[in-house]
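Heads up: the structure comes next, in structure tokens.
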Amino acid sequence: MTLRAVKASAPGSLMLMGEHAVLRGQPAIVCAIDKRMKIKLTPRADRAVVLHSALGEHETTLDELAPNDGFRFVLGAIRSCRGDLKQGFELAIKSEMSHQMGLGSSAAVTVATLAALAGTLGRPLEPGALLETGTKVIRKVQGGVGSGADVAASAYGGCLRYFAASQEAVKLPQAPALTVLYSGSKLPTPEVIALVEEKRQRQPETFAQLDALIGAVVRRAFAAAAQGDWPALGELMNVNQGLMDALGVNNAKLAELVFDLREDPRIFGSKISGSGLGDCVVGLGKAMRREWGVPALAIEVDPVGATAETKA
């Protein structure tokens, strides 16, 4: 079949609770954010694949799909569908988020690419299928690491409770207001996971108990959020932060921002967002304070997941 031109997009994401323990069978809470990855797919008459983004350009073919580190997630997504593609195309990729921050940009570009490919092949967008394939792509690119929580947020939108093993995603009826601060540096997630794993091997029983505690806190937090009980959710976020500190993923800058947020009268609770040792801190509520000495990100929860619009 002849491919069709498509415009697709997927939201970035922000981990709210349950980091690290989500890799050990516990639930996490993850939110889609209103910063999206946008992709325009234009079919070609040959088998060339041409990629354009602010990070650079890459040209290859469907038969080769030559590697390029800057486009490794996009190429992984294309590779997962290559058997169904009979002609080449160009992808113009535009991001509303910085690749330096951990706002789920890798998951968003993976899901947006898969959405564009589904659209060009005339297939309906199915969030569950995007989640399953997108998680496989990311794990393959990252050497087996990845819970899929950020993929779930990009596929479904909204604020979700997510289990990695079953890929069950349940959306909150109402999304929380958030204040997000960027600490100024980021350590890649696989590196942080490896550091935690080293400590886990030295203290396996203790870390298993920490995982179970994080899971229990997340379950209570989701129940509170489902009722719109933001003070209770904020308290539980603070508890989760203490458990992340016990995992060893806090540092002086993150701790400073966590407590700065808690001093704001409009913030119910705060914690590290993501794997830790850098990146973002999230506060529950819209802070009164405006200047933090670090970038404050204007972020809302996006209720809409991946989209694709085709042209004849």
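Each value in this text was obtained by applying a stated rule to the coordinates, not by laboratory testing. Only a predicted model underlies this, so the values are computations on that prediction, with no experimental measurement involved. When we count neighbours, we look across all protein chains shown, and the Cβ atoms used for this are built from the backbone with ideal geometry, even at glycine.
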Value of D in µm² per second that Stokes-Einstein yields for region 8-81, Kirkwood Rh from Cα pairs, at 20 °C (1.002 mPa s): 143 µm²/s
Alpha carbon convex hull of region 178-297, projected area averaged over orientations, nm²: 7.2 nm²
Per principal axis, descending, Cα span of region 87-162 in whole Å: 34, 27, 26
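So, counting K/R as plus one and D/E as minus one, what does the shell of residues with Cβ under 9 Å around Leu41 add up to?
Values: positive: Arg4, Lys7, Lys40; negative: Glu90.
Neighbourhood net charge equals +2.
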Stretch gain in nm, segment Arg289-Asp69, where the contour uses 0.36 nm per residue and the Cα spacing is subtracted: 75.3 nm
Radius 12 Å from Cβ of Ala5, net charge of other residues (Lys, Arg +1; Asp, Glu -1): +3
Zero-based 10 Å bins, Cα pair distances in the chain, whole percents: 6, 28, 34, 20, 9, 2
Cα point-scatterer Debye curve for region 54-96, base-10 log of I(q)/I(0) at q = 0.22 Å⁻¹: -0.78
Radius 13 Å from Cβ of Gln167, net charge of other residues (Lys, Arg +1; Asp, Glu -1): -1
Inter-site label distance for Arg44 and Ser185 at 7 Å from Cα along Cβ, in nm: 4.1 nm
Area projected by the alpha carbon convex hull of region 11-161, averaged over all directions, nm²: 8.4 nm²
Pairs beyond 31 Å (Cα-Cα), from Lys7/Lys171; Lys35/Lys140; Lys40/Lys253; Lys286/Lys311; Lys186/Lys286; Lys199/Lys286: Lys40/Lys253; Lys286/Lys311; Lys199/Lys286
Ala246/Ala129 FRET efficiency (R0 51 Å; Cβ-Cβ; nearest 0.05): 0.85
Those Cys residues of the chain for which no other cysteine Cβ falls under 4.7 Å: Cys81, Cys280
